[in-house]
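Below is one structure; the comments refer to it alone.
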Amino acid sequence: MKIRFTIFKANCLEGMSAVEFDQEDNSIYGFFEMQFNGHREGEYFDFPVSDDYLGGEDLGYWFESLLEILYLFQNEKTNYATIRVIECPDRWIEIKKISDKVCLNVAIAKDQGNVPITTRLCDAIYEPPLNTIEDYDSFYREIIGSVTKYLSKVKTLNPDLTKTREFICLSNYLRDLEHK
(Lines give C-alpha, C1' and ligand atoms only; values in the text may rest on other atoms or scores of the structure.)
Protein backbone atom coordinates (compact mmCIF):
# COMPACT_ATOMS: atom_id res chain seq x y z
CA MET A 1 0.00 0.00 0.00
CA LYS A 2 1.15 3.53 -0.73
CA ILE A 3 -0.31 6.81 0.58
CA ARG A 4 0.20 10.14 -1.16
CA PHE A 5 -1.16 13.54 -0.12
CA THR A 6 -0.75 17.29 -0.60
CA ILE A 7 -2.10 20.19 1.46
CA PHE A 8 -4.33 22.84 -0.20
CA LYS A 9 -4.20 26.57 0.43
CA ALA A 10 -1.21 26.36 2.75
CA ASN A 11 -0.96 30.17 2.71
CA CYS A 12 -4.36 30.44 4.47
CA LEU A 13 -3.09 28.20 7.26
CA GLU A 14 0.21 30.02 7.77
CA GLY A 15 -1.22 32.93 9.79
CA MET A 16 -4.04 31.08 11.53
CA SER A 17 -3.91 30.56 15.28
CA ALA A 18 -4.77 27.21 16.87
CA VAL A 19 -7.72 28.86 18.62
CA GLU A 20 -9.07 30.21 15.30
CA PHE A 21 -8.60 26.81 13.66
CA ASP A 22 -10.48 24.96 16.42
CA GLN A 23 -13.21 27.60 16.88
CA GLU A 24 -14.02 27.65 13.18
CA ASP A 25 -13.98 23.84 13.18
CA ASN A 26 -11.49 23.93 10.35
CA SER A 27 -9.96 20.96 8.62
CA ILE A 28 -6.88 20.78 6.48
CA TYR A 29 -7.85 19.85 2.95
CA GLY A 30 -5.79 18.48 0.14
CA PHE A 31 -5.39 15.57 -2.20
CA PHE A 32 -5.30 12.12 -0.65
CA GLU A 33 -4.74 8.81 -2.39
CA MET A 34 -4.27 5.22 -1.26
CA GLN A 35 -2.85 2.77 -3.77
CA PHE A 36 -3.10 -0.97 -3.36
CA ASN A 37 -2.81 -3.76 -5.89
CA GLY A 38 -2.78 -1.30 -8.78
CA HIS A 39 -6.01 0.28 -7.53
CA ARG A 40 -6.11 3.96 -6.58
CA GLU A 41 -8.65 5.30 -4.15
CA GLY A 42 -8.80 9.07 -3.85
CA GLU A 43 -7.17 11.75 -5.93
CA TYR A 44 -3.58 12.92 -6.22
CA PHE A 45 -1.78 14.86 -8.93
CA ASP A 46 1.97 14.94 -9.55
CA PHE A 47 1.73 18.48 -10.93
CA PRO A 48 0.56 21.85 -9.59
CA VAL A 49 -3.20 22.35 -9.61
CA SER A 50 -4.79 25.79 -9.96
CA ASP A 51 -6.12 27.50 -6.83
CA ASP A 52 -9.66 27.51 -8.21
CA TYR A 53 -9.79 23.69 -8.35
CA LEU A 54 -12.86 22.46 -6.50
CA GLY A 55 -12.58 19.31 -4.47
CA GLY A 56 -10.15 17.85 -2.05
CA GLU A 57 -10.27 15.66 1.00
CA ASP A 58 -10.29 16.29 4.74
CA LEU A 59 -6.80 14.95 5.40
CA GLY A 60 -7.39 14.73 9.15
CA TYR A 61 -10.36 12.41 8.56
CA TRP A 62 -8.24 9.99 6.53
CA PHE A 63 -5.25 9.98 8.84
CA GLU A 64 -7.32 9.71 12.02
CA SER A 65 -9.35 6.83 10.54
CA LEU A 66 -6.23 4.94 9.49
CA LEU A 67 -4.56 5.46 12.89
CA GLU A 68 -7.72 4.34 14.68
CA ILE A 69 -7.70 1.15 12.60
CA LEU A 70 -4.05 0.50 13.49
CA TYR A 71 -4.84 1.13 17.15
CA LEU A 72 -7.77 -1.30 17.11
CA PHE A 73 -5.77 -3.95 15.25
CA GLN A 74 -2.71 -3.47 17.47
CA ASN A 75 -4.76 -3.82 20.67
CA GLU A 76 -6.67 -6.81 19.27
CA LYS A 77 -10.02 -5.04 19.71
CA THR A 78 -11.09 -6.07 16.20
CA ASN A 79 -9.76 -7.53 12.98
CA TYR A 80 -12.24 -5.68 10.75
CA ALA A 81 -12.71 -1.99 9.94
CA THR A 82 -14.12 0.24 7.23
CA ILE A 83 -13.47 3.79 6.11
CA ARG A 84 -16.25 5.63 4.29
CA VAL A 85 -14.96 7.37 1.18
CA ILE A 86 -16.16 10.92 1.83
CA GLU A 87 -17.03 12.04 -1.68
CA CYS A 88 -18.93 8.80 -2.41
CA PRO A 89 -21.26 8.06 0.52
CA ASP A 90 -21.96 4.47 -0.56
CA ARG A 91 -18.27 3.64 -1.16
CA TRP A 92 -16.11 2.09 1.54
CA ILE A 93 -12.59 0.78 2.00
CA GLU A 94 -12.82 -2.46 3.91
CA ILE A 95 -9.76 -3.64 5.83
CA LYS A 96 -9.43 -7.03 7.51
CA LYS A 97 -6.47 -8.14 9.61
CA ILE A 98 -5.68 -11.80 9.09
CA SER A 99 -2.75 -12.90 11.24
CA ASP A 100 0.26 -10.90 9.98
CA LYS A 101 -1.52 -9.71 6.81
CA VAL A 102 -4.25 -7.24 5.92
CA CYS A 103 -6.82 -7.65 3.18
CA LEU A 104 -8.08 -4.47 1.49
CA ASN A 105 -11.21 -4.19 -0.63
CA VAL A 106 -13.39 -1.45 -2.04
CA ALA A 107 -17.05 -2.07 -1.35
CA ILE A 108 -20.29 -0.48 -2.40
CA ALA A 109 -22.83 -0.61 0.43
CA LYS A 110 -25.67 1.53 1.70
CA ASP A 111 -24.48 4.48 3.78
CA GLN A 112 -25.38 3.56 7.33
CA GLY A 113 -24.91 7.06 8.71
CA ASN A 114 -22.46 7.91 11.45
CA VAL A 115 -21.51 4.42 12.62
CA PRO A 116 -18.38 3.10 14.33
CA ILE A 117 -15.44 2.22 12.11
CA THR A 118 -15.84 -1.44 13.12
CA THR A 119 -19.42 -1.79 11.87
CA ARG A 120 -19.71 -4.55 9.30
CA LEU A 121 -21.04 -3.56 5.90
CA CYS A 122 -24.48 -4.93 5.01
CA ASP A 123 -25.11 -6.33 1.52
CA ALA A 124 -21.73 -5.11 0.24
CA ILE A 125 -20.93 -5.45 -3.44
CA TYR A 126 -17.30 -5.80 -4.52
CA GLU A 127 -16.79 -4.74 -8.13
CA PRO A 128 -14.35 -6.24 -8.74
CA PRO A 129 -13.23 -7.93 -5.53
CA LEU A 130 -9.66 -6.76 -5.09
CA ASN A 131 -8.81 -8.92 -2.08
CA THR A 132 -5.46 -7.17 -1.89
CA ILE A 133 -3.25 -8.88 0.66
CA GLU A 134 -0.58 -6.71 2.25
CA ASP A 135 1.98 -7.47 4.91
CA TYR A 136 0.69 -5.93 8.15
CA ASP A 137 4.10 -4.49 9.09
CA SER A 138 4.45 -2.62 5.79
CA PHE A 139 0.81 -1.46 6.03
CA TYR A 140 1.54 -0.19 9.56
CA ARG A 141 4.80 1.53 8.53
CA GLU A 142 3.15 3.25 5.54
CA ILE A 143 0.40 4.73 7.71
CA ILE A 144 2.77 5.79 10.52
CA GLY A 145 5.21 7.29 8.01
CA SER A 146 2.48 9.18 6.14
CA VAL A 147 0.95 10.61 9.32
CA THR A 148 4.38 11.62 10.60
CA LYS A 149 5.11 13.35 7.28
CA TYR A 150 1.70 15.10 7.40
CA LEU A 151 2.24 16.37 10.96
CA SER A 152 5.73 17.55 10.05
CA LYS A 153 4.35 19.52 7.08
CA VAL A 154 1.64 21.09 9.26
CA LYS A 155 4.24 22.03 11.89
CA THR A 156 6.52 23.57 9.24
CA LEU A 157 3.58 25.48 7.75
CA ASN A 158 2.48 26.94 11.08
CA PRO A 159 3.93 25.78 14.42
CA ASP A 160 0.85 27.15 16.24
CA LEU A 161 -1.31 24.49 14.54
CA THR A 162 0.46 21.87 16.70
CA LYS A 163 -1.92 23.03 19.47
CA THR A 164 -5.09 22.17 17.52
CA ARG A 165 -7.39 19.31 18.50
CA GLU A 166 -6.65 17.53 15.21
CA PHE A 167 -2.87 17.72 15.59
CA ILE A 168 -3.00 16.61 19.24
CA CYS A 169 -5.35 13.71 18.42
CA LEU A 170 -3.08 12.42 15.64
CA SER A 171 0.03 12.88 17.81
CA ASN A 172 -1.59 10.95 20.67
CA TYR A 173 -2.46 8.05 18.35
CA LEU A 174 1.15 7.97 17.12
CA ARG A 175 2.51 7.99 20.66
CA ASP A 176 0.14 5.20 21.76
CA LEU A 177 1.01 3.08 18.73
CA GLU A 178 4.76 3.52 19.27
CA HIS A 179 4.44 2.11 22.79
CA LYS A 180 2.89 -1.16 21.66
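Under the definition of Cα pairs under 8 Å and six or more residues apart, what whole-number percent is the relative contact order of region 100-158? Can you show the working numbers first?
On the way: 48 pairs, mean separation 24.9, N = 59.
That works out to 42 percent.
In deg cm²/dmol and to the nearest 500, what is the mean residue ellipticity at 222 nm of the chain if only DSSP H runs of at least 4 residues count, each as -39500 (n - 2.57), divided by the residue total? Present the calculation step by step, with values, prior to reporting the outcome.
Numbers: 5 runs with 63 residues, N = 180.
Computed mean residue ellipticity for the chain: -11000 deg cm²/dmol.
When each pair of different Cα atoms in the chain is counted once in the 1/r mean, what is the Kirkwood radius in angstroms, to one decimal?
Here the Kirkwood hydrodynamic radius works out to 17.2 Å.
For region 82-180, chymotrypsin sites (Phe, Trp or Tyr not before Pro) meeting the loop criterion (DSSP other than H, G, I, E, B) and having at most 15 other Cβ atoms within 10 Å: Tyr126. Between Tyr136 and Glu43, the contour length at 0.36 nm per residue exceeds the alpha carbon distance by 31.1 nm. Rolling a 1.4 angstrom probe over region 1-70 with all protein chains present gives an accessible area of which 46% lies on carbon and sulfur atoms. The dipole here belongs to region 61-106: it is taken about the Cα centre, uses +1 on the Cβ of Lys and Arg and -1 on the Cβ of Asp and Glu, and is about 140 debye.
Charges only on Cβ, +1 for Lys and Arg, -1 for Asp and Glu: so what's the dipole of the chain about the Cα centre, in debye to the nearest 20? Walk me through the numbers before you get to the answer.
Details: 20 positive and 31 negative charges, 121 e Å.
Here the size comes out at about 580 debye.
Ligands, DNA and RNA are left out, and with a 1.4 angstrom probe the accessible area of region 70-165 is 54 Å² per residue.
Is region 91-130 rounded, prolate or oblate when judged by the Cα gyration tensor, a ≥ b ≥ c being the square roots of its eigenvalues, rounded requiring a/c under 1.5 and prolate requiring a/b larger than b/c? It comes out oblate by the Cα gyration axes.
Roughly how large, in nm² to one decimal, is the mean projection of the convex hull of the alpha-carbon atoms in region 1-74? Could you put the intermediate results ahead of the total?
On the way: hull surface 26.1 nm².
Quarter of the Cα hull surface area: 6.5 nm².
Give me the percent relative contact order of the chain, please, defined on Cα pairs under 8 angstrom at least 6 residues apart.
On the way: 263 pairs, mean separation 42.1, N = 180.
RCO, the chain: 23 percent.
The values are calculated or read from the model by the stated rules, or taken from the named source; none is laboratory data. Since the model is a prediction, treat every value here as computed from it, not as a measurement. Quick reminder, even Gly has a Cβ in these numbers, built from the backbone with ideal geometry, and neighbours come from all protein chains shown. For the accessible areas, the whole protein counts, side chains as well, though only heavy atoms, and no ligand, DNA or RNA atoms are used. Shrake-Rupley method; radii C 1.70, N 1.55, O 1.52, S 1.80 Å.
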